[in-house]
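Read through the structure below, which is laid out as structure tokens, and then see the notes.
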There are 2 protein chains.
Amino acid sequence: MARLSTIGTHYIWDIQRVSAHEISYVFEIRTLLRHICSLTPLTIESESYKQFQPVGATGIMLLSESHLSIHTWPEHEFLAIDLFSCIPVDHQRITDYLTSVLSTDDITIKILERGRVPEQVQAEITIEKQDQSMM
Amino acid sequence: MARLSTIGTHYIWDIQRVSAHEISYVFEIRTLLRHICSLTPLTIESESYKQFQPVGATGIMLLSESHLSIHTWPEHEFLAIDLFSCIPVDHQRITDYLTSVLSTDDITIKILERGRVPEQVQAEITIEKQDQSMM
């Protein structure tokens, strides 16, 4: 019986006790998001940002491989980052960067596997690979 | 001691066994996202879409209250929807809509609470409320 695999992986960071001065404005979170992307093979298709008043910002990148988002609440010294990707990324490298640049160790990461490849499709892939090995 | 509360709620739908004809193109997922929003008090700030070839699409809405995203893999009859909100939404109403419009009952929802309101801030809010009640 074919083993089921998943379609995408969703990395979820919740980061607390961050200085409000680091996460109040769009120019700060744009730098964060672009640097995270530079640590990966991800491809940026488009970016959207929103400055909230008096402080706090949202940034969303539409990627060829899904999306990367950030929301900040400087008044709570909190930011939330989500990376949904259908290709592997080195999440530990991103966590190390965030811990360092935001000067906090109050960071949690959850990793969710998203979507099952149906058995039938998985079986077809397996058969195709067997055929190739017989050539 | 003040009770901790959370800053946002993240609703995560994984939906399988959906007809590929329902989720192949941007115009279909734009309709889905806009209808989901219409079931809530959420405010759309901007929208971005990407059509993949030959089929499959991504749509992301930047909301005043965080974000709403969708990614589809018609070849796997799968779509993933994320709604991150800092205000309450009726997630059951959204699930009912998705189940109905996509003609599938293979739908799962995860709900994550995101971010803690620090105790100090929570305590200040409590004190402020007490002061007001004494006026």
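The values are calculated or read from the model by the stated rules, or taken from the named source; none is laboratory data. Model, not experiment: these values are computed from the prediction. Backbone-built Cβ (ideal geometry, glycine too); neighbour counts: all protein chains shown. Side chains are part of the model used for accessible areas, which takes the heavy atoms of the whole protein and leaves out ligands, DNA and RNA. Shrake-Rupley method; radii C 1.70, N 1.55, O 1.52, S 1.80 Å.
Starting at the first residue of segment A:17-25, write each ³J(HN,Hα) from the Karplus equation 6.51 cos²θ - 1.76 cosθ + 1.60 with θ = phi - 60°, in whole Hz, x for Gly and Pro.
Couplings: 6, 9, 4, 4, 5, 8, 9, 8, 10 Hz.
Given R₀ = 41 Å, what would the calculated FRET efficiency be for B:SER5 paired with A:SER64, taking r from the Cβ atoms and rounding to 0.05? Present the calculation step by step, with values, prior to reporting the outcome.
On the way: r = 37 Å, r/R0 = 0.91.
Once the sixth-power term is evaluated, E becomes 0.65.
Which residues in segment B:71-104 place their backbone N less than 19 Å from a point set 7 Å from the Cα of B:PHE27 along the Cα-to-Cβ direction?
B:72, B:74, B:102
If you find the alpha carbon centre of segment A:54-123 and of segment B:1-51, how far apart are they in angstrom?
17 Å
Using amide H atoms built 1.01 Å from N in the peptide plane, name the residues 5+ places from A:GLU45, or on other chains, whose amide H lies under 5 Å from its own.
For A:GLU45, whose amide H was placed from the backbone, the distant partners under 5 Å are A:LEU62, A:LEU63, A:SER64.
Taking θ as phi - 60°, what are the ³J(HN,Hα) couplings along segment A:61-78 by the Karplus curve (6.51, -1.76, 1.60), each to the nearest whole Hz, with x for Gly and Pro?
The phi angles translate into 10, 8, 9, 4, 9, 2, 7, 9, 9, 9, 10, 10, 10, x, 5, 10, 6, 10 Hz.
Return the tail of the calculated pair distribution for segment A:1-41, meaning the percent of Cα-Cα pairs more than 17 Å apart. Before the final figure, lay out each step's value.
Details: 448 of 820 pairs.
Considering segment A:1-41, 55 percent of its Cα-Cα pairs are separated by more than 17 Å.
Please report the buried accessible area for the interface of B with A, total over both chains, probe 1.4 Å, in Å² to the nearest 100. It would help to have the intermediate numbers written out before the result.
Values: alone 8310 and 8310 Å², together 13500 Å².
When B and A are taken together, about 3100 Å² of accessible area is lost.
As I understand it, the dipole of segment A:1-125 uses +1 on the Cβ of Lys and Arg and -1 on the Cβ of Asp and Glu, about the Cα centre. Which of A:LEU68, A:ALA80, A:LEU102 lies farthest toward its positive end?
A:LEU68
Label-to-label distances across copies for B:PRO54, with labels 7 Å out along Cα→Cβ, in nm, shortest first?
From this label point to the equivalent ones elsewhere in the assembly: 5.7 nm.
In segment A:18-66, which residues give up 30 Å² or more of accessible area once the other protein chains are added, compared with their chain alone (1.4 Å probe)?
Checking the loss per residue gives A:GLU45, A:SER48, A:LYS50, A:PHE52, A:ILE60, A:LEU62, A:SER66.
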